[in-house]
Amino acid sequence: MSTDKNFKSSTRLVHAGRRSSEYHGVVNPPVLHASTILFENLDALEKASPFPHGNSFYGRHGTPTRYLLEEAIAELEGGHATLCLSSGVAAITNAILAFVKPGDHVLITDSTYFPTRNLANTFLKKFGVDVEYYDPTLGADIAGLIRDNTTIIWCESPGSLTFEMQDIPAIAKAAHAKNAKVLLDNTWASPTLCRPFEMGVDVSVQAGTKYIVGHSDVMMGTITTATQEDFVTCKKQVILSGDSIGPDDCYLAQRGLRTLNVRMRQHHESGLAIAKWLQTRPEVSRVLHPGLPDDPGHAIWKRDFIGASGLFSFVLHPITRAQLANMVDHMDLFGMGFSWGGFESLLLPSDPKKIRTATTWDDPGQLVRIHVGLEDTDDLIADLAAGFERLKTA
Ligand SMILES: Cc1ncc(COP(=O)(O)O)c(C=O)c1O
């Protein structure tokens with residue numbers, strides 16, 4: 001797609017990473033499978049390299065099916081270039097390992113996705129990295145925690161389970177003053193709801209598994225960097241790890257991408273409608289959704305985002321396990337599972353108390369994470385209302 005024109009994001013979403021004239025006018029990029037890539041002669045073999053990115057070299061490094069998806073995601077996130085990996089966790093792990101070495105100090109938001117914390121507490125600590133968690137609401141005050149050996153500040157906004165918004169521009173300003181990099185898990189926003197690089201982020205990571213794929217059937221992660229230098233650093237790390245994603249999964253991801261804007265608009269609208277309905281329910285003590293005007297992160301969300309996804313949490317007044325089971329075990333429409341970002345609605349009872357260390361979560365109520373899918377909101381509300389009725393009968 002011509003990048004010299006100032007197309008709107010929904011137009012870019014349809015055209016990015018598609019070069020039909022290069023493959024017989026077919027609308028979607030072809031699926032090119034490869035382990036072996038053949039070289040025409042000894043000269044070509046001797047010159048072969050996975051750099052620059054996009055060279056045909058060896059199947060593990062990708063084929064044009066992956067490169068075109070990467071081109072589209074980089075354009076949509078507003079970054080320099082993207083790497084696609086086999087899962088969101090593979091993207092998180094490789095992005096972090098690309099920038100840390102023994103003796104470094106890293107700052108990680110206390111609201112981060114649990115496997116990121118797991119990586120930090122096991123692998124990073126084992127290799128002599130000093131891991132410190134910080135309050136996600138710190139903003140510019142994070143400056144007080146940055147040391148001479150702080151190499152990365154890991155952010156996730158809004159945070160997993162509890163949905164605190166982070167002041168990313170303020171964190172980036174403080175980080176860059178001390179030469180630390182800002183890495184962001186940007187999965188909640190998908191590539192459509194915020195512009196991470198305009199906020200000063202150096203590396204944006206997505207679990208493409210969620211909204212990019214959008215159909216709950218592919219695992220994928222992405223690393224997008226602001227600069228070529230950081231891209232090369234990340235690519236070298238990904239090569240070391242041996243991570244790879246096959247062309248069929250890339251094909252499904254690029255197919256999902258084309259409808260991302262309309263799906264996200266619906267997730268936004270339905271999610272907010274259900275969040276507002278939940279606020280009216282006597283069973284619910286609070287709703288954690290930055291799009292709600294009374295949410296503590298609302299001003300930051302309004303400043304930095306153009307919409308909300310369908311993922312947020314609500315807290316039920318204290319209930320027994322039997323009551324919870326009676327509610328969630330008999331839902332007609334809401335499934336229970338660890339992922340999100342697909343077309344279907346989900347509930348996930350969770351307990352942030354066990355996870356936090358820099359902050360405390362002392363709400364006595366039961367937290368339930370909800371993913372509002374693309375079903376009719378009246379039907380979803382009826383399903384939740386029936387579930388709340390069952391709280392009384394356990
Ligand atoms: C915020 C966030 N980041 C990353 C991931 C990891 O993605 P994946 O499941 O593709 O490894 C998840 C998965 O639930 C997530 O919720």
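Going residue by residue through the range 247-258, is there one that turns out to be over 29 Å from Pro30 (Cβ atoms), over 15 Å from the mean Cα position of the chain (by Cα) and either within 16 Å of the ligand (Cβ to nearest atom) or of a type outside the set (Phe, Trp, Tyr) (or both)?
Of the range 247-258, the ones over 29 Å from Pro30 (Cβ atoms) are none.
No, that holds for no residue.
Contact map, the range 191-205: first residue closer than 17 Å to Arg258 by Cα, second residue in a strand (DSSP E or B) and away from the ligand (no atom under 16 Å from the Cβ), Cβ cut-off under 7 Å, separation 6 or more or different chains; the map is empty. Any idea which of Ala170, Ala175 is assigned to a helix (DSSP H, G or I) and open to solvent by less than 10 Å² (accessible area, probe 1.4 Å)? So the residue among Ala170, Ala175 that is assigned to a helix (DSSP H, G or I) and open to solvent by less than 10 Å² (accessible area, probe 1.4 Å) is Ala175.
Can you find a residue that is closer than 18 Å to Ala95 by Cα, near the ligand (Cβ under 10 Å from one of its atoms) and in a strand (DSSP E or B) anywhere in the range 196-204? Within the range 196-204, not a single residue is closer than 18 Å to Ala95 by Cα, near the ligand (Cβ under 10 Å from one of its atoms) and in a strand (DSSP E or B). Taking Ala207, is it under 23 Å from Arg265 (Cβ atoms) and open to solvent by 10 Å² or more (accessible area, probe 1.4 Å)? The answer is yes for Ala207. Residue pairs whose Cβ atoms lie under 9 Å apart, separated by 6 or more positions or on different chains, with the first residue in the range 324-345 and without any contact (Cβ under 8 Å) to a residue 12 or more places away in the chain and the second surrounded by fewer than 18 Cβ atoms within 10 Å (Cβ to Cβ) and in a loop (DSSP other than H, G, I, E, B), are Gly337/Ser216. All of Leu107, Leu42, Leu38 fail the test of being open to solvent by less than 10 Å² (accessible area, probe 1.4 Å), more than 16 Å from the ligand (Cβ to nearest atom), of a type outside the set (Val, Ile, Thr) and out of contact with any His (no Cβ under 9 Å at 6 or more places or on another chain), apart from Leu107.
Tell me, please, whether a residue that is more than 17 Å from Ile370 (Cβ to Cβ) and more than 18 Å from the chain's Cα centre (by Cα) can be found in the range 264-279. Checked the range 264-279: no residue is more than 17 Å from Ile370 (Cβ to Cβ) and more than 18 Å from the chain's Cα centre (by Cα).
Here is the figure for the range 341-359: residues that are in contact with a Lys or Arg (Cβ under 6 Å, 6 or more places away or on another chain), open to solvent by 20 Å² or more (accessible area, probe 1.4 Å) and part of a loop (DSSP other than H, G, I, E, B) total 0.
Could you count how many residues in the range 273-305 are in a helix (DSSP H, G or I) and among the aromatic types (Phe, Trp, Tyr)? Even if it seems obvious, please write down each step before you answer.
Let us first name the residues in the range 273-305 that are in a helix (DSSP H, G or I), namely 273-279, 298-304.
This time we only want the ones that are among the aromatic types (Phe, Trp, Tyr), so: 277, 301.
Looking only at that region, the number is 2.
Residues of the range 306-340 being outside any helix (DSSP H, G or I), more than 10 Å from His371 (Cα to Cα), in contact with a helix residue (DSSP H, G or I) (Cβ under 7 Å, 6 or more places away or on another chain) and away from the ligand (no atom under 16 Å from the Cβ), which ones? Gly307, Phe314, Ile319, His330, Met331, Asp332, Leu333 - these are the residues of the range 306-340 that are outside any helix (DSSP H, G or I), more than 10 Å from His371 (Cα to Cα), in contact with a helix residue (DSSP H, G or I) (Cβ under 7 Å, 6 or more places away or on another chain) and away from the ligand (no atom under 16 Å from the Cβ).
The values are calculated or read from the model by the stated rules, or taken from the named source; none is laboratory data. What you see is a predicted model, and the numbers here were worked out from it, not measured in a lab. With ideal geometry, Cβ positions are generated from the backbone for all residues, glycine too; neighbour counts draw on all protein chains shown. Ligands, DNA and RNA are excluded from the accessible area calculation, which covers all protein heavy atoms including side chains. Shrake-Rupley method; radii C 1.70, N 1.55, O 1.52, S 1.80 Å.
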